[in-house]
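Structure, as structure tokens:
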Amino acid sequence: MSVTLTLPRGRAREFFELTKPRVVTLIVFCAVIGMFLATSGIPPLLPMLAATVGIALVAGSAAAINCLVEQKIDAVMARTRARPLPRGQISNAQTLLFASLLGGLGLSLLYSLVNPLTMWLTLATFVGYAIIYTVLLKPATPQNIVIGGASGAMPPVLGWVAMTGTISHDALLLFLIIFAWTPPHFWSLALYRKQDYARAGLPMLPVTHGDEYTRLQVLLYTIILTAVTMLPVATGMSHGIYLVSALVLDIVYLVYAWRIVVNYSDALARSAFRYSILYLSLLFTALMVDHYLPILWS
Ligand code: HEM
Ligand SMILES: CC(C)=CCC/C(C)=C/CC/C(C)=C/COP(=O)(O)OP(=O)(O)O
């Protein structure tokens, strides 16, 4: 599933594209679900709005820095060569200024209208993606996305901390779900985009270890993901509605992963990648419905 957004036009659209809006939409969605799960009623409106906007701005800023750092790589990959920087539509200085404004505004909102811990954790997430993943890990090791996935997994924790001021065990379970989801999400794409990554000189798993090994890793991580998605039920955070939804979503994902191992095609990997996005969206929706339906009925 690709998240549909109405994009702004012209110059504004070029800046908007720097923020990787579709990825950031799902990131913010997971953060908002974290906010709802952290509270038993309706979360307080002002901190919730400020946290949502603040996290979105900082995530967009991190994405813009990623575009700035990777513009030469983006220029040689078919998937990314139409981005604003490789096309010369936006300059380095403009990108840096834009990212600083977004990031600064987002962090200020979090600090002043949410709480300082949320601000610090969001800043750490920014550094994790824009510097540690993008600058250090991505060009250095095929485990880049496994380690870098830790920043992508932070949004529900950020949402949780925004509402409670503390990190709870339940929030860490949400972190673990996205952390285990990231390798099958990314490696499905890397399998059918292998030529792009090889041309760009990036050590992604299919380039360094071959297709067969990567396909097996997709299956193994999908099995780990299935186990991890059962943890919210095991700890009593979530119940029947979530359990049934997670099992259905997991079984479909496992079938995709199994077929990737035994009957690979690029079209199948592309479908598995699209499914990974639908999967995460629906899994987090199920967590939310499971949390609120009993409250509404009682
Ligand atoms: C290190 C972690 C991650 C890596 C390496 C990664 C990699 C990628 C890549 C390369 C794409 C581009 C696909 C394309 O345009 O052809 C993509 C798309 C996407 N990713 Fe991820 N991803 C990561 C984490 C996440 C997280 C945490 C989320 C959300 C919670 C997410 C949500 C999405 C969405 C919604 C898309 C589709 C964008 C579109 O339709 O253009 N990703 N991911
Ligand atoms: C709250 C906050 C600060 C969040 C920041 C975390 C964040 C924006 C994670 C996004 C993950 C992402 C876009 C990965 C794309 O991989 P890539 O960059 O390797 O993909 P590309 O080849 O498309 O550039």
Subset of the stretch 134-148 [within 15 Å of residue 217 (Cα to Cα) and surrounded by 20 or more Cβ atoms within 10 Å (Cβ to Cβ)]: 142, 144, 145
Close pairs (8 angstrom Cβ cut-off, 6 or more residues apart or separate chains): in the same structural domain as residue 254 (by TED's automatic domain parsing) in the stretch 229-240, in a loop (DSSP other than H, G, I, E, B) and hydroxyl-bearing (Ser, Thr, Tyr) anywhere: 232/238
Close pairs (6 angstrom Cβ cut-off, 6 or more residues apart or separate chains): under 19 Å from residue 70 (Cα atoms) in the stretch 139-162, charged (D, E, K, R) anywhere: 144/138
Any chance residue 66 is in contact with a Lys or Arg (Cβ under 9 Å, 6 or more places away or on another chain) and not acidic (Asp, Glu): yes
Set 211, 196: member being more than 19 Å from the chain's Cα centre (by Cα), more than 30 Å from residue 46 (Cβ to Cβ) and away from ligand 1 (no atom under 11 Å from the Cβ): 211
Selected residue (only one of 45, 37 is within 30 Å of residue 167 (Cβ to Cβ), outside the structural domain of residue 286 (by TED's automatic domain parsing) and touching a His at 6+ places or on another chain (Cβ under 7 Å)): 37
Conditions (1) in contact (Cβ under 8 Å) with a residue 12 or more places away in the chain; (2) more than 16 Å from ligand 1 (Cβ to nearest atom); number of the one not met by residue 120: (1)
Filtered residues of the stretch 257-293 (kept if crowded, with 21+ Cβ neighbours inside 10 Å and either in the same structural domain as residue 159 (by TED's automatic domain parsing) or among the β-branched types (Val, Ile, Thr) (or both)): 260
Some residue of the stretch 176-196 being touching a Pro at 6+ places or on another chain (Cβ under 8 Å), assigned by TED's automatic domain parsing to the domain that holds residue 287 and surrounded by fewer than 19 Cβ atoms within 10 Å (Cβ to Cβ): no
Wholly within the stretch 186-298, helices (runs of 4 or more DSSP H) carrying at least 1 residues that are under 30 Å from residue 170 (Cβ atoms): 205-234, 240-262, 266-297
Residue 75 within 16 Å of ligand 2 (Cβ to nearest atom) and over 22 Å from residue 151 (Cα atoms): yes
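Condition check ((1) part of a helix (DSSP H, G or I); (2) without any contact (Cβ under 8 Å) to a residue 40 or more places away in the chain; (3) crowded, with 18+ Cβ neighbours inside 10 Å; (4) small (Gly, Ala, Ser)) across all residues:
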{"position": "34", "(1), (2), (3), (4)": "yes, no, yes, yes"}
{"position": "37", "(1), (2), (3), (4)": "yes, no, yes, no"}
{"position": "50", "(1), (2), (3), (4)": "yes, no, yes, yes"}
{"position": "65", "(1), (2), (3), (4)": "yes, no, yes, no"}
{"position": "81", "(1), (2), (3), (4)": "no, yes, no, no"}
{"position": "85", "(1), (2), (3), (4)": "no, no, yes, no"}
Selection from the stretch 156-176 of residues that are assigned to a helix (DSSP H, G or I) and away from ligand 2 (no atom under 16 Å from the Cβ): 164, 169, 170, 172, 173, 176
Candidate set from the stretch 143-155 (those that are in a loop (DSSP other than H, G, I, E, B) and closer than 20 Å to residue 23 by Cα); member that is nearest to the chain's Cα centre (by Cα): 153
Condition check for residue 124: under 14 Å from the mean Cα position of the chain (by Cα) and not assigned by TED's automatic domain parsing to the domain that holds residue 229: no
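The values are calculated or read from the model by the stated rules, or taken from the named source; none is laboratory data. This one's a predicted model, so the numbers in the text were calculated from it and none came from an experiment. Note that we place each Cβ from the backbone using ideal geometry, even for glycine, and neighbour counts take in every protein chain shown.
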